[in-house]
Amino acid sequence: MPVYQHNATYDASAASVWSWYDSSGAFRRIMPEWEGIQPVEAGALVDGATTRFRIRLGPLRPMWVARHHGVVSGEVFNDVMEKGPFGAWDHEHRFVAISEDRCELQDTVKWRLPLHPLTFWTAPFTVKGRLNQMFAYRTLRVQEDLKRLQPYAHLPRQRILVSGSTGLIGMQLCAFLAAGGHEITRLVRPSTTLPHDASNDPVVVWDDQTGEVLEGDLNGFDTVIHLAGAGIGDKRWNAKRKELIKTSRTVPTAHLSRLLTSLEQPPKAFLCGSAIGFYGNRGDEVLTESSSPGTNLLAEICQAWEASAQPAIDAGIRTVFLRTGIVTTPMGGALQKLLLPAKLGAGGPVGGGKQYYSWISLDDQIYAIHHLMMNDACEGVYNLTAPQPVTQKTYAKVLGRVLRRPAFAPAPGFALRLMLGEMAQALVLDGQRVEPRRLLESGYEFAHADLESCMRQCLGRQRLGR
């Protein structure tokens with residue numbers, strides 16, 4: 001059978017890297033963002049454990065089932081495909097110590113295509129390029145995760161309660177925190193359906209509109225991270241939708257902050273979601289955490305959202321507001337919506353393209369939350385945006401360059417207003433030029449300070465061998 005080999009070096013002990021891979025969050029963390037993989041079951045690193053996930057092959061979503069075998073704890077494990085798109089697939093992961101704080105992970109994949117004698121000639125463009133990008137992505141993700149966890153390795157692991165854990169940010173945040181050894185509990189509503197690979201995670205069930213805890217206990221958590229809220233770009237806005245966008249943020253935040261103040265064992269920290277919509281439409285004005293609020297609908301919602309957490313502040317709980325920008329990942333948000341037209345060569349300036357997009361990579365969003373959680377001196381408002389905001393026109397040009405597609409076809413603002421209504425103005429045509437001043441002052445270092453490096457990694461278009 002053909003053999004694919006990939007070696008990666010880590011500035012961490014073999015035991016640390018093994019521990020990361022053996023965590024419940026590792027599988028979700030190593031799955032490339034552009035592949036559209038849906039984890040179903042993440043098997044532990046023991047012989048016979050099964051990992052199952054759905055992959056994307058054009059319009060099809062076939063299941064991949066892999067079984068672990070040949071496991072020697074701390075040294076090696078294999079997974080063999082029992083069901084999936086290949087004719088055969090057997091992947092060995094070998095952890096080799098170089099020194100006490102340095103190791104190499106040697107990946108060896110023995111694979112075969114279906115009808116291999118007839119299809120082997122397609123491998124250079126159907127298999128090998130995809131594997132190169134996948135393992136390059138995986139290496140960077142693991143290296144960066146370990147780098148972010150290392151400064152806090154001497155501190156106790158935390159018990160963390162997370163709301164909004166099934167959202168785009170929440171899913172990856174919970175996976176990263178679990179890979180770091182923290183104990184994660186999900187704060188959910190009775191109607192919440194957890195993803196299959198998290199279905200056995202501990203939960204606290206509550207009615208977020210009344211504040212009643214229906215199952216579990218809020219006592220004893222070190223940190224509460226509150227990310228819940230209806231998606232602002234999921235549906236066309238009308239009066240009912242705008243009210244839901246507001247109440248799904250302000251009402252649960254008010255209830256949760258009051259509940260936390262009444263506990264016998266309240267958390268030490270409360271990290272509450274917010275957004276750079278707080279600043280409204282400000283043209284090319286440079287905005288920092290000390291800038292005044294805007295006056296449009298999203299600005300008013302964000303102000304009310306943050307004000308809803310005042311009881312926690314008054315009770316002396318360290319409270320952090322996460323004013324999040326445009327999270328850039330093909331798994332959701334703005335980039336996911338832009339991908340199809342961009343791939344068709346229809347990307348380009350929208351509404352003139354002069355409005356600023358204050359973006360952030362999904363990795364930096366996760367790492368910044370972790371940084372603010374672990375640093376007791378961090379309190380108050382923090383802009384979670386990359387240090388180099390760009391205009392919408394530049395955003396489209398960079399995306400086109402990464403995809404190797406033209407990016408000059410304009411989309412007039414009136415056309416977007418006709419298609420999307422009021423939402424088009426607030427989410428696409430308005431903009432904010434936001435800088436993460438307090439985050440940088442706190443010592444945070446960005447994994448992706450420039451947009452192109454972010455897009456190349458999350459879209460599987462990295463320049464390899466350079």
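The values are calculated or read from the model by the stated rules, or taken from the named source; none is laboratory data. Owing to the predicted nature of the structure, the values given are computational and were not obtained by experimental measurement. Counting neighbours? That spans all protein chains shown, and the Cβs are built from the backbone with ideal geometry, glycine included. Ligands, DNA and RNA are excluded from the accessible area calculation, which covers all protein heavy atoms including side chains. Shrake-Rupley method; radii C 1.70, N 1.55, O 1.52, S 1.80 Å.
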| Qualifying residue in the range 253-268 (condition: of a type in the set (D, E, K, R), at pLDDT below 90 and not in a helix (DSSP H, G or I)) | no
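Considering only residues that are among the charged types (D, E, K, R) and farther than 22 Å from MET331 by Cβ, look in the range 1-28 and name the one that is farthest from the chain's Cα centre (by Cα). Show your work before the answer.
Step one: of the range 1-28, the residues among the charged types (D, E, K, R) are 11, 22, 28.
Right, trim to farther than 22 Å from MET331 by Cβ and you get 11, 22.
On the way: ASP11: 23, ASP22: 20 Å.
If we take residues in the range 1-28 being among the charged types (D, E, K, R) and farther than 22 Å from MET331 by Cβ, then ASP11 is farthest from the chain's Cα centre (by Cα).
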| request: Filter the range 435-452 down to residues that are within 12 Å of HIS371 (Cα to Cα) and among the hydrophobic types (A, V, I, L, M, F, W, C), then give me how many there are. | output: 3
| Pair list, Cβ under 8 Å, 6 or more apart: the range 92-104 residue touching a residue at least 12 places away in the same chain (Cβ under 8 Å), other residue open to solvent by 90 Å² or more (accessible area, probe 1.4 Å) | ARG94/GLU75; PHE95/GLU75; ASP101/ASP11; ARG102/ASP11; GLU104/ILE98
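Out of the strands (runs of 3 or more DSSP E) lying entirely within the range 1-105, which hold 2 or more residues that are small (Gly, Ala, Ser)?
Details: elements: 3-10, 38-41, 50-54, 63-72, 76-83, 88-99.
Here the list reads 63-72, 88-99.
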| message | Condition (residue is modelled with pLDDT of 90 or more, in a helix (DSSP H, G or I) and open to solvent by 70 Å² or more (accessible area, probe 1.4 Å)) applied to the range 112-125: is it met by at least one residue? | response | no
| From SER73, SER13, residue being of a type in the set (S, T, N, Q) and surrounded by fewer than 17 Cβ atoms within 10 Å (Cβ to Cβ) | SER73
| message | Among the numbered criteria (1) of a type in the set (Ser, Thr, Tyr); (2) part of a loop (DSSP other than H, G, I, E, B); (3) at pLDDT 95 or above, which one does SER191 miss? | response | (3)
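Check whether at least one residue in the range 304-315 is open to solvent by 10 Å² or more (accessible area, probe 1.4 Å), closer than 17 Å to GLY170 by Cβ, modelled with pLDDT under 95 and touching a helix residue (DSSP H, G or I) at 6+ places or on another chain (Cβ under 6 Å), and report yes or no. Break it down stepwise before answering.
Of all residues in the range 304-315, those open to solvent by 10 Å² or more (accessible area, probe 1.4 Å) come to 304-308, 310-311, 313-315.
Filter again for closer than 17 Å to GLY170 by Cβ, leaving 305.
When the remaining residues are screened for being modelled with pLDDT under 95, the result is none.
No, that holds for no residue.
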| Only one of (1) open to solvent by 40 Å² or more (accessible area, probe 1.4 Å); (2) within 30 Å of MET423 (Cβ to Cβ); (3) touching a Pro at 6+ places or on another chain (Cβ under 8 Å) is not met by ASP234, so which one is it? | (3)
| field | Where ARG241 falls short, out of the listed (1) over 29 Å from ILE160 (Cα atoms); (2) open to solvent by 50 Å² or more (accessible area, probe 1.4 Å); (3) not in a loop (DSSP other than H, G, I, E, B) | value | (2)
| request: Only residues that are among the acidic types (Asp, Glu) and either crowded, with 18+ Cβ neighbours inside 10 Å or under 13 Å from PHE321 (Cα atoms) (or both): list them for the range 366-387, please. | output: GLU379
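In the range 444-466, what residues are among the basic types (Lys, Arg) and more than 14 Å from GLY400 (Cα to Cα)? If you could, list the steps in order and put the result at the bottom.
From the range 444-466, those among the basic types (Lys, Arg) are 456, 461, 463, 466; that's our starting set.
Those that are among the basic types (Lys, Arg) and more than 14 Å from GLY400 (Cα to Cα): ARG463, ARG466.
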| query | How many residues does the range 209-231 contain that are at pLDDT 95 or above, open to solvent by 20 Å² or more (accessible area, probe 1.4 Å) and within 25 Å of the chain's Cα centre (by Cα)? | reply | 2
